[in-house]
Structure formats: structure tokens, C-alpha cells
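As C-alpha cells, the structure follows; a few thoughts come after it.
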Amino acid sequence: MGNIMKFNETVLDIDKLTTDAAYLESALNGLDAFIYDRFSDKKVTQGDISALSGMLVAIRLLAKKHAEEIAEYSMKH
């Protein structure tokens, strides 16, 4: 029974970590495009600022999760 995984337990491997890093890079590229598109002129709206804030929170959470998973992977390998 030691091999049965709990419901929320995930198997970390280098492929998953690499994929997650690519997602994080894509999120940053999207953020860059968003900032260029919405903040390059002087017509920035409150909605633009709110959207930027939401994107930053999401990217911060992705980065934190990725860092935690890398640390966990490093400890196991």
C-alpha cells in the first residue's frame, strides 16, 4: 500500500518541471505583450491596471509553485 498516491499528490519529473518553466515563460511573454499594448499610450484605464494586477498575481503564483516543485524535486534526486 506504500505505492498508492494520495488524491492531491503529484509525481514530479523533469518533463513536468520543464513544461511548467515553459508555461511561466509564456506567461511573462503575455505580460510583456499586454503592457506594450495597453500601456504604450496615455489612455490607461482602471480596467487595464486591474488586469495587470491580476496577471501579476497569477504569474507570481505560477513562479512560487514552480520554485517549490523544483526544491521538492531537488531534495528527492
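The values are calculated or read from the model by the stated rules, or taken from the named source; none is laboratory data. For clarity, every value in this text was computed on a predicted model and none was experimentally measured. Cβ placement follows ideal geometry from the backbone for every residue including glycine, while neighbour counts extend to all protein chains displayed. What goes into the accessible areas is simple: the full protein's heavy atoms, side chains included, and nothing from ligands, DNA or RNA. Shrake-Rupley method; radii C 1.70, N 1.55, O 1.52, S 1.80 Å.
In the structure shown, the pairs LYS42/LYS64; LYS43/LYS65; LYS16/LYS65 are assessed against 23 Å; a Cα-Cα span above that value is assigned to LYS42/LYS64; LYS43/LYS65. Counting only alpha carbon atoms, the long axis of helix 46-76 and the longest principal axis of the chain meet at about 20°.
Where does each of 40-50, 63-73 land if you order them by average Cβ count within 10 Å, highest first?
The packing order, highest mean first, is 63-73, 40-50.
Split the accessible area of the chain by element, probe 1.4 Å, and carbon with sulfur accounts for 61%. Counted residue by residue at 0.36 nm each, then reduced by the alpha carbon distance between them, the extension gain from ARG60 to SER74 reaches 2.9 nm.
Leaving out ligands and nucleic acids, note down the accessible area per residue over the chain with a 1.4 angstrom probe, in whole Å².
Computed with neighbouring chains in place, this is 82 Å² per residue.
Computed from the Kirkwood radius of its Cα pairs, the Stokes-Einstein diffusion coefficient for segment 35-75 at 20 °C and 1.002 mPa s stands at 178 µm²/s.
With R₀ set to 30 Å, the beta-carbon distance separating ALA22 from SER53 gives a calculated FRET efficiency near 0.80. Between the helical axis of 14-39 and the longest alpha-carbon principal axis of the chain there is an angle of about 10 degrees. For the chain, the convex hull drawn through the C-alpha positions has a volume of 93 cubic angstrom per residue.
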